[in-house]
Structures are given as structure tokens and as C-alpha cells.
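Below is one structure, written out as C-alpha cells, with a few remarks after it.
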Amino acid sequence: MTTAAQTPIATLWIGDTLGDLEKLSLLSFAHQGHPVTLFHTHPLQDPRLDGVPLRHAHDVFEYEDSLLDQAAPAAFADLFRLRMVRDTDLTWMDTDVFCLKPFLASDGYLIGFESDTTVNNAVLRLPSNSEALNALIDVFSEPSFVPPWLSKPDAKEVKKLPPEQRLLGSAKQVPNAFGPLAITWALKETGEVAHALPFDHISPVPWPLGDIYFNPHGGVEGWLTDNTMGVHMYASRVRAVHKRTPPYVGSFIANIATKVGFDFGRRPFKQV
């Protein structure tokens, strides 16, 4: 039987400094027994997290450095994770996913719905021979590719671009074109979507409720079930104030920090 200690996870950071919430995310997985690797594209200030080694993104993705200038960080991360999953034994986790109990793959798959229709790629494990995985890697290697999952108006705009700019142009037109939209399309095309877990396993809290994790009077717990392995916070939906100030005592984030032994520097937790 697979255990957390046999389920290595990894993620990528684009930038020179890791934030507190990202550090807490990584530590939450280490606390549950997962080996954790942090890949990076730029010289990175060592976050000094016990048991979290650093590796350069070039170790698993042979990209031209100019791609970092042409693609938004989220789009680059979407491309990176596909190759990481295919070419290593690592399972991808976004740095805004928090581990509540061990994440375990089944038959080589660890993917989950975030809604009734969409699979999120914040958590991603597919077999290396997955048709969906390899199909996406193939099409994302073609600069002129126009994703068929784009809406007709968006695809029309992308097709106005020179052929060599259309792939990256699609991610500028639709920021998540390489993410949930792509993985959902590929999994449905191959039938592998049958392996996707219900939303309560990985993404139980709807994305519009990003601030709920910082509410000292609760609110997250009502979304969790016995199946919930972790939560995807959707950091882009969290207000900046929560990213720069310590959480309130009793909030979901403060409770995780206490559990894993993480302190927010010399800043005390805020009292209610």
C-alpha cells in the first residue's frame, strides 16, 4: 500500500523570495510525511525549510530562458508541471494547497474536480504513459497551436496573431488556458476524467471564498468531509492584506501554522 512517505511532492517558485503562506503550504505536506521538493527558475533566497531541498527547473524542463519573459508565471508553471509529472516520480502541488492528511494517488492518478465540470491542476499526478498528459505536452510544443478548448471569440482573437505567437498568445488572451481548461479538455478527450476525484477531496472550498481561511470565527470546516485530503486556497483570490500580515488566532491558517510549528517571523498572531 502506498504511503505518504512514498509519495514525493514538488512545486515551482518563480521569483527570488518565498512568502509565508507558500512556506506554510510546503511545511504542511512535510508534516504529513511527504518528501517535498521546491523547484525554482531564478536565484532563490533559501527559505530554510527543514526537509525541503531546492532544485532548478532546468533539471526536469529544458526550456529557453526567453520563455520566462514571454509567458506569464502561471502559464510557465502549467507547462513545467506537465513535464515534471511525466519525467519524474513527483506529484505536483500548487503552493496554495494545504495538506490536512496524506495525499495518495490511485492507479497512478491524483486529480480532482473543482466544480461539477472542471478539473483543477493545482494537484496533479498522472501516469507517465497517460494519453492526456502526453497529448498536452505534444500540443504545447507547437508554437502555432490554438487550443480547441478556447471559446470561439477568444480563438478568433488568437488566430489574428502570427502563427509563431498563437500558443503563448492564447495564454495571454485567457490566463488559465494552459491550466484547468487544458487538463479538463485532455482528460475528457481520453476518458481519463473518470479518475478525477469529487471536489471535496482536494478543492472543497469554492474559489470566491478565498478570505474564509483567515476568518477567526470559522467557516472552512463546513466544507470539509472525511474524504478531504487538503484545501486549495486560490491565492490569487486572497486579499493582499492577508499575505502581508499574520493571521488571526483561531483562523484556519493560524491553526495549521500552530500544528506544523510554523511561526510568521517575529510577528505575533493577531488577536480577535
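The values are calculated or read from the model by the stated rules, or taken from the named source; none is laboratory data. Note that the structure is predicted; figures quoted are calculated from it, not measured. Every residue, glycine among them, receives a Cβ derived from its backbone with ideal geometry; neighbour counts consider all protein chains shown.
A few remarks follow.
- Extreme residue, modelled with the lowest pLDDT, among residues of the range 41-66 that are part of a helix (DSSP H, G or I) and out of contact with any Leu (no Cβ under 8 Å at 6 or more places or on another chain): 66
- Evaluation of residue 103 against (1) under 20 Å from residue 124 (Cβ atoms); (2) part of a helix (DSSP H, G or I); (3) not β-branched (Val, Ile, Thr) (one fails), failing number: (2)
- Scanning the range 207-216 for residues that are without any contact (Cβ under 8 Å) to a residue 40 or more places away in the chain and surrounded by fewer than 16 Cβ atoms within 10 Å (Cβ to Cβ), we see that the one that is nearest to residue 78 (Cα to Cα) is 208.
- Out of 78, 94, one residue alone is within 25 Å of residue 176 (Cα to Cα), acidic (Asp, Glu) and in contact with a strand residue (DSSP E or B) (Cβ under 6 Å, 6 or more places away or on another chain). It is 94.
- Any hit, the range 107-125, residues being closer than 20 Å to residue 9 by Cβ, in contact with a strand residue (DSSP E or B) (Cβ under 8 Å, 6 or more places away or on another chain), in contact (Cβ under 8 Å) with a residue 60 or more places away in the chain and not in a strand (DSSP E or B): yes
- Listed by position, the helices (runs of 4 or more DSSP H) inside the range 190-272 whose residues that are within 22 Å of residue 30 (Cβ to Cβ) and of a type in the set (Gly, Ala, Ser) number at least 1 are 252-260.
- Residue satisfying all of: in the range 163-185; assigned to a helix (DSSP H, G or I) and of a type in the set (Gly, Ala, Ser); surrounded by the fewest Cβ atoms within 10 Å (Cβ to Cβ) among these: 169
- Residue in the range 148-162 that is nearest to the chain's Cα centre (by Cα), counting only those that are more than 16 Å from residue 190 (Cβ to Cβ) and part of a loop (DSSP other than H, G, I, E, B): 150
- Residue selected from the range 186-203 under the condition among the acidic types (Asp, Glu) and surrounded by 17 or more Cβ atoms within 10 Å (Cβ to Cβ), by the criterion farthest from residue 228 (Cα to Cα): 192
- Any hit, the range 74-87, residues being in a loop (DSSP other than H, G, I, E, B), within 21 Å of residue 22 (Cβ to Cβ) and either β-branched (Val, Ile, Thr) or modelled with pLDDT under 95 (or both): no
- Contact map, the range 225-248: first residue under 22 Å from residue 180 (Cβ atoms), second residue at pLDDT 90 or above and of a type in the set (S, T, N, Q), Cβ cut-off under 6 Å, separation 6 or more or different chains; pairs are 232/203.
- Per the listing 74, 132, the residue uniquely under 23 Å from residue 27 (Cα atoms), touching a residue at least 24 places away in the same chain (Cβ under 8 Å) and in contact with a helix residue (DSSP H, G or I) (Cβ under 9 Å, 6 or more places away or on another chain) is 74.
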